[in-house]
Each structure stands twice: as C-alpha cells, then as structure tokens.
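A short reminder: the numbers here are calculations on the coordinates, not readings from a lab. Remember, it's a predicted structure, so these values are computed and weren't measured experimentally. Don't worry about glycine lacking a Cβ; one is built from the backbone with ideal geometry, like all the others, and counts go over all protein chains shown.
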Amino acid sequence: MNAAEILDVMTRIYGRSVAATMTALAMLETAGLQVQVVDGAIGISAGELHARHYDRKSSPLSMADCMALATAAAVGEALATSDRPLAAAALIEGIGVLGLPDSTGERPPT
C-alpha cells in the first residue's frame, strides 16, 4: 500500500516517471531499505490502529499511515515519519519514532 502511495505521489504530484521512481526505490533497497510484504495479520492490525487513533480533526491518519505503523510494530522497528499525528499514535502504541523533518524543517516529537 505504501509503495503504491509512493508511486502515486511521485508521478502525480512531482511528475516523475514510474520507471524513475522504481529505480530510486531499487537503489534504496540496495542501500538497506527493507520492503515488507503486508499479510493478513498486519492488515488487521492496521485496521485496529485506525479505529483506535483516527479522528478527522485531531488525528487524520490514513489507512496507509496505519499500515506503516502496523508493519513497524510487526517487525519491531522504529517508524520513520515527519507526520505528527502518526508519530503520536506510534508513541501511544509503544513503537519507536525516527522523526524526519517536514517541509518546514520541523520534526515530530519522539
């Protein structure tokens, strides 16, 4: 789901070709990025996380956000994000956060 989101945003918003985006993703994998397959257990966990943490105004988490959070929990890794509501949900769930800078340079609490 998140790979689909990456392809969508890079193509639709930034005008990159699918081939260029796939090449960049392959380079990240070569450098150590681990791509995880989302199975039924992670999907169920993502749905539970969304039900617990989603609020349209204060915590507008997407299902893709919750898939990333559920995957981080399943593999026992910190979640890298610049998204404050997603970082807050991760911390509530006891999942580590690697705070990335957003478009203004600000990082979420970790």
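Would you work out the charge dipole size for segment 40-99 about its Cα centre, treating the Cβ of every Lys and Arg as +1 and the Cβ of every Asp and Glu as -1, and quote it to the nearest 20 debye?
Numbers: 4 positive and 6 negative charges, 39 e Å.
Magnitude of the dipole: close to 180 debye.
Using the Cα atoms as the points, what is the convex hull volume per residue of segment 40-99 in Å³?
Dividing the Cα hull volume of segment 40-99 by its residue count gives 64 Å³.
What number comes out for the charge environment of Ser82, summing +1 per Lys or Arg and -1 per Asp or Glu over other residues with Cβ under 9 Å away? Write out the running numbers ahead of the final one.
Values: positive: Arg84, Arg107; negative: Asp83, Asp102, Glu106.
Local net charge: -1.
For the chain, with only Lys/Arg (+1) and Asp/Glu (-1) charged at the beta-carbon, what is the dipole magnitude about the Cα centre, in debye rounded to 20?
Details: 7 positive and 12 negative charges, 52 e Å.
Charge dipole, the chain, about its Cα centre: 260 debye, nearest 20.
With runs of 4+ DSSP H residues as the only contributors, calculate the mean residue ellipticity of the chain at 222 nm using -39,500 (n - 2.57) per run, divided by the residue total and rounded to the nearest 500. Mind dumping the intermediate values first?
Working: 5 runs with 60 residues, N = 110.
Rounded to the nearest 500, the figure is -17000 deg cm²/dmol.
Quick check: net charge around Asp102, other residues with Cβ under 11 Å of its Cβ, Lys/Arg +1 and Asp/Glu -1? Intermediate values should be presented prior to the final figure.
Working: positive: Arg84, Arg107; negative: Asp83, Glu106.
Within the 11 Å Cβ shell, the charges total 0.
Scale the Cα Rg of the chain by the rule-of-thumb value 2.2 N^0.38 Å and send over the ratio, two decimals. Display every interim value, and only then the final one.
Values: Rg = 14.3 Å, N = 110, 2.2 N^0.38 = 13.1 Å.
Normalised Rg, Cα atoms only: 1.09.
From the residues Ala20, Ala80, Ile92, which one has its Cα farthest along the dipole of the chain in the positive direction, the dipole being from +1 and -1 charges on Cβ of Lys/Arg and Asp/Glu about the Cα centre?
Farthest towards the positive pole: Ala20.
Gain in length, Val18 to Ala41, computed as 0.36 nm per residue apart minus the alpha-carbon separation, to one decimal in nm? Can you show the working numbers first?
Values: separation 23, 0.36 × 23 = 8.28 nm, distance 2.94 nm.
Stretched out fully, the Val18 to Ala41 stretch lengthens by 5.3 nm.
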